[in-house]
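The values are calculated or read from the model by the stated rules, or taken from the named source; none is laboratory data. Computed from a predicted model, the values in this text were never measured in an experiment. So basically every Cβ, Gly included, is an ideal-geometry build from the backbone, and we count neighbours across all protein chains shown. Note: accessible area is taken over every heavy atom of the protein model, side chains too, but ligands, DNA and RNA are not part of it. Shrake-Rupley method; radii C 1.70, N 1.55, O 1.52, S 1.80 Å.
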Amino acid sequence: MQNFDWIVVGAGITGSALSYELAKKGLKVLLLEKDPTYDNATRYSYGGVAYWSGTDDDSIQLCQESREIYHNLSEELGENTDFRELDLMLTIPVDNNPQSIAENYQKFFIKPQLLTPDQSVEIEPLLNPDAISGCLKLPHGHIHPQKTNNAYQQAFLRLGGTLNYEEVTQLLSKNKTVTGVKTNKQEYYSKNVVICAGGLTRYLLKHIGINVNIYFTHSQLILTPKVDIELKSLVMPGILNRLNIEEKSGDSELKSLWDNSSDQIISDVMETGAIQFLDGSFCLGQISQIISNPLAKNDQILAEKTIREGVSKILPELENLPGKLHHCLVAFCADSNFLVGKIDNFEGLHLFSGFTSTLMYAPPLARRFADWVAEDNKEMPSLL
Ligand SMILES: Cc1cc2nc3c(=O)[nH]c(=O)nc-3n(C[C@H](O)[C@H](O)[C@H](O)COP(=O)(O)OP(=O)(O)OC[C@H]3O[C@@H](n4cnc5c(N)ncnc54)[C@H](O)[C@@H]3O)c2cc1C
């Protein structure tokens, strides 16, 4: 029988960061991951750290903590995260008024600089000036997400943590109190379990009758090998339609679709974006579809064509880069920036998921979570 102080389910960036911070407190931690190939959202992320995006005292404080953590993270973990500062270029379509789009960004504590198409091309020469009415430029952080995930895991293992590749099939409990988890191989025991299962968090909790306001998109993107062309910034759209559809996901009329895991496409957006990693490879994106069945099949040929067509307009030289389409689930919650804390009516069960800007929020909140645990859960938020 194997006993742990904490069991963490899911080893994407949220689970890896949290496992490391808990182990740093001297706790005996088991991290369980079902997929040794890491075919997950962390692997396919652009790697942007939106530390400009705080809108109130709490989120501004988290942005600042995040920036500080990333500046020292490679050194602390003893592995390279490829952290750097780079420009985020938010493109504004040619038929939109740049000033009115810029207005939407005035709520953030770091305001963007509004650039004309010519000024935009000076900063990012691969942009097509005829396709945009301007760009909003913001100072962004950038990491290699999979390297950072691996760095957290290696540091966790050096602290004595255990990482096993097994799928959690059941949460074990008695009288609404967690006692451990059952995997496809064995049972593990612990008084504390935290779910970091990304897009599958909703279904894992549903099995034990817990309905949380957490959902997911099916995301599709293209990863390329190293290529010689150089993109200087992270390019994304200034109008993020995905956020609007995410907000609507909790609407009561969609409830039965989420409850019954349907293949119906609730919404579908294409947002042209591109990032080049320091090793010369690109991630081109991104299609986000809301379909409540996590196993729904996607049309790969159509998805690749749609992404390449989107890229051809904004960044024409990247349209035909060699590359392969990938798919992943991305968790989000409809009405807050994250779901972090203990589930009140289920002793020992915790959530660490559903972030709006995961790469920005997860590292500082993992640190705070471990502090709350070390101080007997004193300030740990309650969920539900
Ligand atoms: C194209 C694209 C670009 C993005 N760009 C950015 C960006 O620039 N900045 C940003 O902040 N975010 C970005 N994101 C979002 C970000 O990648 C995700 O929010 C983040 O990686 C989610 O991390 P996670 O740990 O919650 O989930 P995941 O990385 O998906 O990890 C969850 C893990 O849990 C495992 N798991 C699930 N169920 C079980 C189970 N039952 N047992 C064991 N293991 C289980 C899964 O196998 C998976 O490995 C982007 C996403 C995409 C697709």
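For the reader, a short list of remarks on this structure follows.
- Checking GLN186, GLN99, GLN146 one by one, the residue that is within 16 Å of the ligand (Cβ to nearest atom), open to solvent by 50 Å² or more (accessible area, probe 1.4 Å) and at pLDDT 95 or above is GLN186 and no other.
- Condition met for SER66 (within 15 Å of the ligand (Cβ to nearest atom), open to solvent by less than 20 Å² (accessible area, probe 1.4 Å), of a type in the set (S, T, N, Q) and in contact with a Pro (Cβ under 8 Å, 6 or more places away or on another chain)): yes
- Residue list for the range 124-143, restricted to those being aliphatic (A, V, I, L, M) and either in a strand (DSSP E or B) or within 15 Å of the ligand (Cβ to nearest atom) (or both): ILE132, LEU136, LEU138, ILE143
- Hey, THR14 open to solvent by less than 30 Å² (accessible area, probe 1.4 Å), near the ligand (Cβ under 10 Å from one of its atoms) and among the polar types (S, T, N, Q) or not: yes
- Only one of the numbered conditions (1) closer than 21 Å to LEU231 by Cα; (2) away from the ligand (no atom under 13 Å from the Cβ); (3) open to solvent by 20 Å² or more (accessible area, probe 1.4 Å) is not met by GLN300, and that is (1).
- When ALA334, ALA374, ALA362 are checked against the criterion of being aliphatic (A, V, I, L, M), open to solvent by 30 Å² or more (accessible area, probe 1.4 Å) and touching a residue at least 60 places away in the same chain (Cβ under 8 Å), a single residue qualifies: ALA374.
Each row is one residue, and each column tells you yes or no for (1) in contact with a Phe, Trp or Tyr (Cβ under 9 Å, 6 or more places away or on another chain); (2) in a strand (DSSP E or B); (3) more than 25 Å from ASP259 (Cα to Cα).
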| position | (1), (2), (3) |
| --- | --- |
| SER173 | yes, yes, no |
| GLY180 | yes, yes, yes |
| ILE210 | yes, no, no |
| TYR215 | yes, yes, no |
| LEU221 | yes, yes, yes |
| GLU230 | no, no, yes |
| VAL235 | no, yes, yes |
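- Of the residues screened, LYS342 is one that is out of contact with any Lys or Arg (no Cβ under 8 Å at 6 or more places or on another chain), open to solvent by 10 Å² or more (accessible area, probe 1.4 Å) and in the same structural domain as LEU22 (by TED's automatic domain parsing).
- All strands (runs of 3 or more DSSP E) inside the range 1-93 with 2 or more residues being under 19 Å from the mean Cα position of the chain (by Cα) and within 30 Å of GLY348 (Cα to Cα): 6-9, 29-32
- Contact map, the range 235-255: residues that are of a type in the set (Gly, Ala, Ser) and away from the ligand (no atom under 15 Å from the Cβ) paired with residues that are outside any helix (DSSP H, G or I) and open to solvent by 80 Å² or more (accessible area, probe 1.4 Å), Cβ distance under 7 Å, separation 6+ or inter-chain. Pairs shown: GLY250/ASP335.
- Scanning the range 312-325 finds one or more residues that are part of a strand (DSSP E or B) and either surrounded by fewer than 20 Cβ atoms within 10 Å (Cβ to Cβ) or assigned by TED's automatic domain parsing to the domain that holds LEU205 (or both).
- Close Cβ contacts (under 6 Å, 6 or more residues apart or on different chains) running from residues in the range 42-70 that are among the basic types (Lys, Arg) to residues that are part of a helix (DSSP H, G or I) comprise ARG43/GLN146.
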